[in-house]
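Q: What follows is a single structure, and I will ask about it in a moment.
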Amino acid sequence: MTTADHDPAGSPRMLHARHRAVLPDWLALYYDEPIEITHGEGRHVWDSEGNRYLDFFGGILTTMTAHALPEVTKAVSEQAQRILHTSSLYLDRPMVELAERIAAVSGIPDARVFFTTSGTEANDTALLLATTHRRSNQIVALRNSYHGRSFSAIGVTGNRSWSPTSLSPLQTLYVHGGVRTRGPFAELDDAAFIEACTEDLTDMLGQAGGDVAALIAEPVQGVGGFTSGPDGLLAAYREVLRERGILWISDEVQTGWGRTGEHFWGWQAHAQAGPPDILTFAKGIGNGMSIGGVVARAEVMNCLAANSISTFGGSPVTMAAGNANLNYLLEHDLQGNARRVGGLLLERLRAAAAGSVIVREVRGRGLMAGVELARPGTGEPWPEAASLVLELARERGLLVGKGGGHSTSSVLRVAPPLTLTVAEAEEGAEILEHALRTADTQLGGKNSQ
């Protein structure tokens, strides 16, 4: 018997009522009847009613290696028994060790690393560095982008679903390039697409009144539905930026640490122009612990003239988790596993979608796949269909996420832990295929409404 069986007040339904009574209305929850996840192991989690799920979303791409990974939980426990917190005002050996390793793998020369507690805070810091270094509050961002929930991060977020205010300390200029198969350049081949987007950027910069500080871009747009431009697009942008002294910020919060399979960082798909000036990271490196951070050239990182600290960024416990998690990632070649198993999963998802009338596109790379749903015959995003498939998948024991642009969440986001096995990839794809077929049937005759 579960706790919910013994205590009605502890049931998910009652917990949901308590949630609504004390937490903000805008704090989103999945499912018509939200679930409480109580524990996990490997690629699986269990809810408070004892239901077991194959986790294909990993706490929004945060459980990067596995739930309850022994190497990470042991490192956290051992560090917690020594000391939980000191702050950045004192020397912190785990923080220095992790910073050394991240600087080495970042690809940025003469790199410096600053730790935060989240991707939002990391992007906020990157914007502070760029605007201070360039003495300008003008930022170029991509349409459909998402960079966090702070005031400045919202100010450069191009996805209207996640931008609750137009007020901002920044002047943001939005350019094309984040979505390959929609918009005015969708019908062009890759070379022509890159050329058109680059001309758009050049024209935009020509109209900007003053020096622009930086371009911030996700190599693969996460919340936007796992969309991206062609490989080499950001390299072409980089050439335009370099001529004008404008910095490039690569938002690697969702694409870092080998998730795309082909590369350790998303920017490396555009490596012709070299590394970015600033790189931001978070989510997966902590495997559930709150770690974010910024890597930048020393010249850029050291441009702040005022004092600054981070009370919780780089805490001994989170740094211990990060070091252990990075060890496991590298020693077990999880980037290679993302490439191999992710390739298989994408094939299976494309095969599953082939017979579905509501699937517009399956896209992605590595263990980062998006299944976009649309009204048949129109191509219009269909968020209700995505919500239905999300529910149907959960009923059969699979958790996936949602995202997308056009002020809708019509894309199923599939991003399991990087230790995913072939058998689990097959199982998850089979469940999702069944969910799509069931949705096709249930939505039959409704697709024109």
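Q: All but one of (1) modelled with pLDDT of 95 or more; (2) under 19 Å from the mean Cα position of the chain (by Cα); (3) more than 30 Å from Glu262 (Cβ to Cβ) hold for Ser407; state the number of the condition that does not hold.
A: Single failed check for Ser407: (1).
Q: If a residue has to be in contact with a helix residue (DSSP H, G or I) (Cβ under 8 Å, 6 or more places away or on another chain) and either among the hydrophobic types (A, V, I, L, M, F, W, C) or over 22 Å from Asn287 (Cα atoms) (or both) to count, how many in segment 398-416 make the cut?
A: The initial filter retains those residues of segment 398-416 that are in contact with a helix residue (DSSP H, G or I) (Cβ under 8 Å, 6 or more places away or on another chain), namely 398-402, 404-405, 407-412, 414-416.
With either among the hydrophobic types (A, V, I, L, M, F, W, C) or over 22 Å from Asn287 (Cα atoms) (or both) added as a condition, the list becomes 398-400, 404-405, 407-412, 414-415.
The total comes to 13.
Q: What are the pairs with Cβ atoms under 9 angstrom where one residue, in segment 257-271, is hydroxyl-bearing (Ser, Thr, Tyr) and the other, located anywhere, is assigned to a loop (DSSP other than H, G, I, E, B)? Sequence gap at least six, or different chains.
A: Hits for this filter: Thr260/Pro219; Thr260/Val220; Thr260/Arg365; Thr260/Gly366; Thr260/Leu367; Thr260/Met368.
Q: Of the residues in segment 286-311, how many are part of a loop (DSSP other than H, G, I, E, B) and either closer than 24 Å to Trp267 by Cα or under 22 Å from the mean Cα position of the chain (by Cα) (or both)? Steps first, please.
A: Keep residues of segment 286-311 that are part of a loop (DSSP other than H, G, I, E, B), which gives 288, 290-291, 302-311.
Still in the list and also either closer than 24 Å to Trp267 by Cα or under 22 Å from the mean Cα position of the chain (by Cα) (or both): 288, 290-291, 302-303.
Result for segment 286-311: 5.
Q: With respect to Ser315, is the statement that it is surrounded by fewer than 24 Cβ atoms within 10 Å (Cβ to Cβ) and touching a residue at least 40 places away in the same chain (Cβ under 8 Å) true? Lay out the reasoning, then the answer.
A: Details: surrounded by fewer than 24 Cβ atoms within 10 Å (Cβ to Cβ): no; touching a residue at least 40 places away in the same chain (Cβ under 8 Å): yes.
No: the conditions fail for Ser315.
Q: Could we say that Ala338 is in the same structural domain as Ile249 (by TED's automatic domain parsing), part of a helix (DSSP H, G or I) and within 28 Å of Thr260 (Cβ to Cβ) here?
A: Working: in the same structural domain as Ile249 (by TED's automatic domain parsing): no; part of a helix (DSSP H, G or I): yes; within 28 Å of Thr260 (Cβ to Cβ): yes.
When the stated conditions are applied, Ala338 does not pass them.
For (1) under 16 Å from Ala352 (Cα atoms); (2) surrounded by 20 or more Cβ atoms within 10 Å (Cβ to Cβ); (3) touching a residue at least 40 places away in the same chain (Cβ under 8 Å), each residue gets a yes or a no:
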position: Ser387; (1), (2), (3): no, no, no
position: Val411; (1), (2), (3): yes, yes, yes
position: His434; (1), (2), (3): yes, no, yes
position: Arg437; (1), (2), (3): yes, no, yes
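The values are calculated or read from the model by the stated rules, or taken from the named source; none is laboratory data. Since this is a predicted model, take the numbers as computed values, not measurements. We place every Cβ from the backbone using ideal geometry, glycine too, and count neighbours over all the protein chains shown.
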